[in-house]
Amino acid sequence: MKKVVISDVDGVLNTGQFLYNESGKCFKVFGPHDADGVKLLKEAGWTVRFISADKRGFEITKKRIDDMNCELTLVSEKERLDWIESRYPIKDIVYVGDGYYDAKILKKAGCGISPKNARIEARTVADFITDSKSGEGAFLDAAIIILKYYKDI
């Protein structure tokens, strides 16, 4: 396995809720702890990449991911598996996801991790479920799991 973590954003790093006003989508709720997970993984030599399918909220998400000094790519839910497989052997990645469309990736990945409050489709196929909910440290939990179980690679 190579040291690559790919994570969905909405429903993992944030609560998955979108806050609207009369102008449209304007806010997303991110937790403070997940940046520590990114730091821990990077310090251990892991590549961390984030993906999002949220076109209208992409700039909000991009600001948070930029603050963590990571790469973010816009990839639709239905194209995610193909996008990943065109870049990495699927068994060489750890995937963190929460949604219906993430389930098939979680199942095929070398390791799949879902937040505590992920959709049932994701939780039932994930190798690990975090103790924390999305937007409340789920990615930090995932990083701790990764570093514990893959310390020898």
* **Label-zone membership for the stretch 28-54, site ASP67, 7 angstrom Cα→C-beta point, backbone N under 12 Å** => 28-36
* Ranked from highest to lowest mean number of other Cβ atoms within 10 Å per residue, what is the order of the peptides 3-16, 51-64, 139-152? -> 3-16, 139-152, 51-64
* aspartates and glutamates with Cα under 18 Å of LYS63, excluding same-chain neighbours fewer than 8 positions away -> ASP8, ASP10, ASP34, ASP36, ASP54, GLU71
* For LYS25, put the label point 7 Å out on the Cα→Cβ axis and report which residues of the stretch 5-19 keep their amide N under 18 Å from it. => 7-19
* Please give the residues of the stretch 29-48, grouped as numeric ranges, whose backbone N is less than 18 Å from a label point set 7 Å along the Cα-to-Cβ vector of ASP92. => 45-48
* Reachable aspartates and glutamates from LYS151, Cα under 13 Å, same-chain residues fewer than 8 places away excluded? -> GLU43
* Structure fact -> Two pseudo-spin positions, 7 Å from Cα along C-beta at LYS2 and at LYS55, lie apart in nanometres by 3.0 nm
* Asked: Which of (i) 23, 20, 14; (ii) 28, 22, 11; (iii) 23, 17, 15 is the computed semi-axes √(5λ) of the Cα gyration tensor in Å for the structure on display?
  -> (iii)
* Note down the nm distance, to one decimal, between modelled labels 7 Å out along Cα→Cβ at LYS108 and at GLN17. => 3.4 nm
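Computed from the coordinates by the stated procedures, all read-outs in this text should not be read as laboratory data. Note that the structure is a prediction, hence the values are computed from the model and not measured. Please note: Cβ atoms are built from the backbone with ideal geometry, for glycine as well, and neighbour counts cover all protein chains shown.
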